[in-house]
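The values are calculated or read from the model by the stated rules, or taken from the named source; none is laboratory data. The structure displayed is predicted, hence computed values, not measured ones. Positions of Cβ are generated from backbone atoms using ideal geometry, with glycine treated the same way; all protein chains shown enter the neighbour counts. The accessibility values were calculated without ligands, DNA or RNA, using every heavy atom of the protein model including side chains. Shrake-Rupley method; radii C 1.70, N 1.55, O 1.52, S 1.80 Å.
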Amino acid sequence: MSTGTSAWDRQSTDSAQLLFCDLQPEIVARSKTIHRDVLSKSAGVLLEIAKLFSLPTTFSVVPEGDKAPELISELRGSGFAQEKLRASASPFFDEATKNLLAQPKRKVLIIGGFATEAVVLHAVLDARAQAYEVLVPVDVCGGLSERTEQAALRQITDAGAITNLVVSIATKLAPDFTTDLGKELFNIVQGLRLP
């Protein structure tokens with residue numbers, strides 16, 4: 001492990017980008033480790049944070065039978081992120097997605113999606129192989145079972161990625177809530193509170 005300061009520690013807003021994987025209604029509904037409403041709400045809040053800080057964002061989606069992929073409602077119509085279709089376990093197997101992620105030259109990749117044991121795990125391992133620093137907000141990930149998700153999360157951290165939460169990412173980006181930016185961020189993060 002490097003003893004130097006990471007890109008995330010040095011300049012978070014200039015170094016980070018987001019990758020949301022398979023956050024599609026029928027897919028997210030299969031989560032056994034986090035309720036789909038909580039996962040969806042967390043993903044929506046993370047997208048709002050990405051907009052606030054102009055963090056490049058990519059939606060990696062898979063076909064759903066013969067119909068076009070549809071994102072969860074919290075991500076739909078954002079007009080902010082780019083959507084990339086793939087037919088592989090990892091977004092990095094798709095050259096267009098891999099190139100899109102490389103374009104902004106931002107080496108901190110925040111990855112969330114379903115399933116933690118499949119697309120998230122493979123995306124993390126491939127991103128680490130491409131020298132990205134990786135953050136995995138567990139409240140934007142859903143698993144097939146507690147046991148299998150915990151095994152995947154161990155593999156993710158063993159690969160050098162950091163598991164954390166949406167609120168942790170938010171407070172790293174703007175830790176001072178007395179500034180205008182901090183106040184706006186604080187209001188966005190309040191969206192994590194479910195009724």
message = Can you pull out every residue in region 138-149 that is surrounded by fewer than 23 Cβ atoms within 10 Å (Cβ to Cβ) and either closer than 16 Å to Lys41 by Cα or among the hydrophobic types (A, V, I, L, M, F, W, C) (or both)?
response = Val138, Asp139, Leu144
query = Mind checking which residues of region 13-25 are part of a helix (DSSP H, G or I) and either open to solvent by less than 40 Å² (accessible area, probe 1.4 Å) or in contact with a strand residue (DSSP E or B) (Cβ under 6 Å, 6 or more places away or on another chain) (or both)?
reply = Ser15
request  = Only residues that are buried (at least 20 other Cβ atoms within 10 Å of the Cβ), under 14 Å from the mean Cα position of the chain (by Cα) and over 12 Å from Leu192 (Cβ atoms): list them for region 33-53, please.
outcome  = Leu47, Ala50
